[in-house]
Amino acid sequence: MSFSSKEDPKTLVLFDVDGTLTPARLTISEEMKSTLEKLRKKVVIGFVGGSDLSKQVEQLGPNVLTDFDYCFSENGLTAYKLGKELASQSFIKWIGEEKYNKLAKFILRYLSDLDLPIRRGTFIEFRHGMINVSPIGRNASTQERNEYDEFDKKAKIREDMVLALKKEFPDYGLTYSIGGQISFDVFPTGWDKTYCLQHVKDEGFENIHFFGDKTYKGGNDYEIYNDERTIGHAVNNPNDTIRILNEIFKLDN
Ligand code: M1P
């Protein structure tokens, strides 16, 4: 599997999904699609998101595995190169049933004691490479998640819960990452977005660009944006991503 047909096969451009390629939890625009098509002729492209692949398919389209050279779901715990799946790891194997049980019990107990304006369903989403914890529940509608996001900015429910988890499980070796609107991710330390870089380390890339919107400390793009193996670009929204891509890669030429 090679990238020799590209103008610059030694350059890889990686993108966060929510807030970078698409608005949070929404779908990719036609303008972004055509920008990426042009970019892909020049360089190797991939995305790295915290969500699982099914959600990325909803957001980026049904042909996601062929529209991108690399697809990294759950920070690269599930990984595809040119549509072919690469080896992956599992959160439950890493943590073990006993420790996970203690963690899940603490989370459910903590959530049940919170005063929240509304609750929906799926408070712990069990994923391949992490768990995702949502005080309102992952079944919230778009409007409900927007409202929760605003509420949480003031009430700091997620921030406080992360502090409580760190205090309760200081020796678990877990990282807590508030990457989206209604939840936070919990995964082994080191399994942040930099995890995906191990899939490309022997591919001879000379430049690896990364675009993300949550590049501040505590955001889920922070580690990969600051990693010495990448050239980081902080964006405010998908339009910003398009603007910077046009500037750097001269996509109209
Ligand atoms: O990609 C950012 C985050 O997107 C979702 O967050 P939320 O549902 O809170 O908006 C989740 O899929 C989360 O895992 C992911 O990090």
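Computed values, structure above
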{"quantity": "Some residue of the stretch 9-19 being among the aromatic types (Phe, Trp, Tyr) and either more than 16 Å from the ligand (Cβ to nearest atom) or in a helix (DSSP H, G or I) (or both)", "calculated": "no"}
{"quantity": "Qualifying positions in the stretch 24-40 - at pLDDT 95 or above and not aliphatic (A, V, I, L, M)", "calculated": "27, 29, 30, 31, 33, 34, 35, 37, 38, 40"}
{"quantity": "Which numbered condition residue 183 fails, given (1) among the polar types (S, T, N, Q); (2) open to solvent by 20 Å² or more (accessible area, probe 1.4 Å); (3) under 18 Å from residue 131 (Cβ atoms)", "calculated": "(2)"}
{"quantity": "Residue 78, sole failed condition from (1) within 16 Å of the ligand (Cβ to nearest atom); (2) over 23 Å from residue 159 (Cβ atoms); (3) surrounded by fewer than 16 Cβ atoms within 10 Å (Cβ to Cβ)", "calculated": "(3)"}
{"quantity": "Selection within the stretch 39-51 - more than 9 Å from the ligand (Cβ to nearest atom) and open to solvent by less than 30 Å² (accessible area, probe 1.4 Å)", "calculated": "39, 43, 44, 45, 46, 47, 48"}
{"quantity": "Of all residues making up the stretch 64-75, the number that are within 12 Å of the ligand (Cβ to nearest atom) and not hydrophobic (A, V, I, L, M, F, W, C)", "calculated": "3"}
{"quantity": "Residue among 54, 88 that is of a type in the set (Gly, Ala, Ser), open to solvent by 20 Å² or more (accessible area, probe 1.4 Å) and outside any helix (DSSP H, G or I)", "calculated": "88"}
{"quantity": "Set 136, 107: member being buried (at least 20 other Cβ atoms within 10 Å of the Cβ), within 16 Å of the ligand (Cβ to nearest atom), assigned to a helix (DSSP H, G or I) and more than 17 Å from the chain's Cα centre (by Cα)", "calculated": "107"}
{"quantity": "Check on residue 177, buried (at least 18 other Cβ atoms within 10 Å of the Cβ) and modelled with pLDDT under 95", "calculated": "yes"}
{"quantity": "Among the candidates 222, 216, 148, residue that is within 15 Å of the ligand (Cβ to nearest atom) and open to solvent by less than 30 Å² (accessible area, probe 1.4 Å)", "calculated": "148"}
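The values are calculated or read from the model by the stated rules, or taken from the named source; none is laboratory data. All values derive from a computational prediction rather than experimental measurement. Don't worry about glycine lacking a Cβ; one is built from the backbone with ideal geometry, like all the others, and counts go over all protein chains shown. Just the protein is used for accessible areas: all its heavy atoms, side chains included, with ligands, DNA and RNA removed. Shrake-Rupley method; radii C 1.70, N 1.55, O 1.52, S 1.80 Å.
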